Each structure stands twice: as C-alpha cells, then as structure tokens.
Amino acid sequence: MTYAPIVVFAYNRLDVLKRCVASLLMNEEAVESDLFVFVDGPRLSKLDDYKKVMSVQEYVKTISGFKSVHYQLAEANKGLAPSVISGVSNVMEKYGRVIVVEDDLFVSENFLAYMNQGLNKYEDARNVFSICGYTNIVKRPSNYVYDAYFCARSSSWGWATWKDRWDSVDWELKNWAAQKNNSSMFKAWGGSDCWRMLKDWHDGKNSSWAIRFCYSQFLQRGISLFPLVSKVGNNGFDGRGTHAKKWSRFKFEFDKTADKRFCFPLEYEINKSLYKQVMFYHSIPIRIWSKIMYLIH
C-alpha cells in the first residue's frame, strides 16, 4: 500500500505538538509515511510569542520515526487559514492526497490505517469529499453494520482528501451576492451555524478555511466519511489556542482498540438516524447552551 503524506500544522504550543507527534508515531504506518510540518511565525503583538515559536521550531528539527521528515518554518505570522491552504496545496502537487492534523489533536493507534484505507477505497468516488478521523458521540443504529458513516458536513479535526477535490474549492467566493441566495439551504444541509460562519468569514470576523471547504462540498453535493468511534481527540480547549475556548460542545468517544479491520459503507447514502444525531451538536439549543458555558469557563 502507498501511504498518504501526513501534514501537521503547528504554532506556539510545544507540549500539544509533542503529544500529537507521539500519537502519530504509535501508528505502525508512520514509518512508511512522509511527514510535513508547517510552523507559523510569531505574532508581533504577543511579547512572549517569539520564544514559544522558536521552541516549537527547534523541536520540529528533531522529529524522527517517519519515512521522511520535512518542515517549513515561517518567519512571520500568516495565520492558520493561509498556512493550511498553501501548505496542503504544495504537498498535493507531489502526492495527490494528504492526511492533515493540527498540533492540538492526538490520534488513535489505528488512525493512519483508517485514513489510508478510506482514501484508497473512495478515491474514484468523486462525491466523497473527504475522510474525517473525528466524530461526535453517536449511537449505532440497530441495523447498521458498518464501522463508518457518511455525513453532509466535513470535520477539520484530522481529515484527508484528494487533489481533485481540494482544487475544486473556490477560496475567494468573489460573487457574494450569488452565495447569499444559498443561505437557507446551506444551514439545512450542514447545521444552523454554517451560514453564520461563512458570512463571518466574508465580513472579516474569522479567517476559517474549513467553512469554505464545507461550502464547496455543499455546492457540489458532496459527502464525507466519519468513523463511528473517533480516531481523533482534541487538546485545543485549554484557552491557549488562537480560535478555541476552554469548553466545547463537541464530545467524543476515543478509539483505544487499535483494530485495523474496518467495514466501510458500500452505498453512498446518509443514514438518517446518524445524520440526526450529528446535526444535534449543531442545533440552536445546543449552540445557545455552548455560549453560556463559554461565559462560565
């Protein structure tokens, strides 16, 4: 099997990056996988940023255990979205597929097996937009035999995709008047928060690459694959992340089995029961509760 390259995006948190890399190395496939690490530069507005970023950069130079290790150390701060878009695009040019992890994530011992098997199985299924490693807690329907499921909305917490799907994304969305006509359908498709996040990006209130990726998936009527049990956990809710708070409405059950035998869906259909469970996390009542918890924490 040919293994997809792993792309890790890091910034100024040395401890979480070390845990992320250590968890990747627990995967047997790591020794056959090329690793690319992109470290963003320090922000001038943060007095202690330079020292933190330098410690991350020095650690990255010592990483081993993968087939090969490559790194790009930015001198100035680009921000996550420009870093992801340019970094993934560059690696795609050579490999045609990527597995992407941000530094505040940790992965299961079967993460790389699941991601690579998914990439191989659905490579020619143009409507499958991405393979996602994270999932919220969902209950398997009684008649559901697969270990993964399709959903309309993708996740940016440990994901993979192919060059043709990545290249199909319109990152600029210059014809905004036309996009506004899709607001209601976009919310119905991916959850009540979808359009607000996209509009906030347009208005300069966020720089999210992920919501633009989701929007492209919506326009193309694509679907994404998710595991029934999460292969990814998130360390990012410690208050130190650029965009994360100290509490999250997204809850997960972490896969500790290391089982690499996966039964993937044969039909490109969204299971209604699982879809309803996933969309619950994006519902208006849960989002209101989240805002209250953000204030508390």
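Just so you know, all these numbers are worked out from the coordinates, no wet-lab data involved. Note that the structure is a prediction, hence the values are computed from the model and not measured. Cβ coordinates were reconstructed from backbone atoms using ideal geometry, including for glycine residues, and neighbour counts include every protein chain displayed.
In terms of overall dimensions, the C-alpha atoms belonging to the stretch 58-216 reach 51, 49, 28 Å along their principal axes, ordered largest to smallest.
In a simple Cβ point-charge model (Lys, Arg +1; Asp, Glu -1; nothing else charged), the chain has a dipole of about 1060 debye relative to its Cα centre. Dipole size of the stretch 89-147 about its Cα centre, with +1 on Lys/Arg Cβ and -1 on Asp/Glu Cβ: approximately 320 debye, rounded to the nearest 20. Relative contact order for the stretch 25-99: what is it in percent, counting Cα pairs under 8 Å that are at least 6 residues apart? It comes to 39 percent, rounded to a whole number. Over the chain, Cα pairs under 8 Å with separation of 6+ residues give a relative contact order of 22 percent. Ordering V91, W195, Y71 by the projection of their Cα atoms onto the charge dipole of the chain, which places +1 on the Cβ of Lys and Arg and -1 on the Cβ of Asp and Glu, puts W195 at the extreme positive end.
Kindly rank 139-147, 162-170 from highest to lowest mean number of other beta carbons found within 10 Å of each residue.
On the way: 139-147: 12.1, 162-170: 16.7.
Going by the mean number of other Cβ atoms within 10 Å, highest first, we get 162-170, 139-147.
Partners of K52 within straight-line reach, counting aspartates and glutamates whose Cα lies under 12 Å from its Cα and excluding those fewer than 8 residues away in the same chain: D15, D40.
Beta-bridge orientation, the chain: approximately 40 percent antiparallel, per DSSP, counting only bridges with both partners inside. With N counted as the residues of the chain, its alpha-carbon radius of gyration over 2.2 N^0.38 Å works out to 0.97. For the pair A177 and L219, label points projected 7 Å from Cα toward Cβ lie 1.7 nm apart. As a proxy for reagent exposure, ranking E75, E28 by other Cβ atoms within 10 Å from fewest up yields E75, E28. Cross-link pairs exceeding 26 Å in C-alpha to C-alpha distance, out of K67/K231; K51/K78; K51/K205; K46/K251; K94/K121; K174/K205, comprise K51/K205; K46/K251. Our summary gives the stretch 129-279 a relative contact order of 44 percent, counting only alpha carbon pairs under 8 angstrom and 6 or more residues apart. Across the alpha-carbon atoms of the stretch 118-174, the computed radius of gyration and Dmax are 13.5, 45 angstrom.
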